[in-house]
Amino acid sequence: MTTLYGTSQSRAARSIWALEELGVKYDHVPTGFTGETRTAEHLKRNPNGHVPVLEDGGHHFWESMAINLYLAEKYGKAPFWPSSVVDRGHAYQWSFWAMTEVEPPLMTVLMNKLFLPKEQRSEKAVAEATTALGAPMAVLDAHLKRHAYLLGNDFTIADLDAASVLSLAAFVQLDLSSTSTAKAWLDTCLARPSFQKATAMK
C-alpha cells in the first residue's frame, strides 16, 4: 500500500506529481497544515508535524525531495531515473540546488505577496528576494541553453524536482523574461499532464 499525506497546496504537490509521473497506484490523504499535522496519529508518521509524508510498504518517509528521489529510484526506469551513478549524482545536485538556491527567495516573495498579513508585508523584501533569485536563474538558463533538460535530452526526476520548486514563480507571476530559456523549460515541465493532475487535487 502506498499513501501520500498532504494537500496539493503544500510541498506535497511535488510528491503527488512524482507519483502521477511514475504511474504508481496510491491513496491520497489531503492532510492540511493546521491541526491535522499535529494529531498523535500524524506525529507517528512524521514527528516534525509536517507534510508530505509517504507511506510505502510499511515505511514512512518525509521531506519532499527525499520522497521524490526514493520514488524515482524504486519505481522509475531510465531515463526518468538515470541509469548511471554520474547522472544520478546530477539528479541529486539539481534537486538540492532547487531547495537551497531557489526556494528560499521564492518563499520570501510568496509570503510577502500573498500569505503574510498586509501590515507585515514588505516590498523591499520582495525586491531583494527577486534580485537574489537572479543568480541561480542565470545558472539554470545558461545550463539549459546547452541541454533540452537538466540531464540532457530527456525529462527526469531532476527536472520534476527543480520545476516543482520553480512552479512558485509561476504562481506569484514572477517575471522570468530575462532568463527566457529557463522559462521555456519551466513552461514545458509544468504543461505535463501529471503536473496538471497533481495541482488540481485537494
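Rule-based calculations on the coordinates, nothing more; no lab input. Because the structure is a prediction, the values reported are computed rather than measured. FYI the Cβ positions are ideal-geometry reconstructions off the backbone, even for glycines, and counts take in every protein chain you see.
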Convex hull volume of segment 85-197 per residue (C-alpha atoms, cubic angstrom): 98
Stretch gain in nm, segment THR2-ALA127, where the contour uses 0.36 nm per residue and the Cα spacing is subtracted: 40.8 nm
Pairwise FRET efficiency - THR100 versus THR39, Cβ, R0 = 41 Å, nearest 0.05: 0.85
Relative contact order, percent, the chain [alpha-carbon distance under 8 Å, six or more residues apart]: 25
Distance in nm between pseudo-label sites at LYS202 and HIS60 (7 Å out along the Cβ direction from Cα): 2.1
Peptides ranked, highest mean first, by Cβ atoms within 10 Å: ranges 138-145, 123-130, 3-10: 3-10, 138-145, 123-130
For peptides 98-104, 159-165, sequence by mean Cβ density within 10 Å, most packed first: 159-165, 98-104
Per residue, the convex hull volume that the Cα atoms of the chain enclose (Å³): 119
Gap separating the Cα centres of segment 142-202 and segment 1-71, nearest whole Å: 22
Counting DSSP beta bridges with both ends in the chain, the antiparallel % (nearest 5): 75
Of every Cα-Cα pair in segment 2-76, the percent that sits beyond 14 Å: 54
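For Cα pairs less than 8 Å apart in space and 6+ apart in sequence, what is the mean separation divided by the residue count of segment 76-142, i.e. the relative contact order in percent?
Reported relative contact order: 28 percent.
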Potential extension, GLN9-PHE171 segment - 0.36 nm per residue separation minus Cα distance: 57.2 nm
Under 12 Å from the GLN93 label point (7 Å along Cα→beta-carbon), backbone N, segment 137-157: 143, 150-152
Proximal charge balance of ARG11 [Cβ under 10 Å; K/R count +1, D/E count -1]: -1
Two-site label geometry, ASP27 and LYS77: point separation in nm, points 7 Å out along Cα→Cβ: 2.9
PHE115-ALA138 FRET efficiency (beta carbon distance; Förster radius 22 Å; 0.05 resolution): 0.20
Mean Cβ count within 10 Å, highest first, over the residues of peptides 43-54, 13-24: 13-24, 43-54
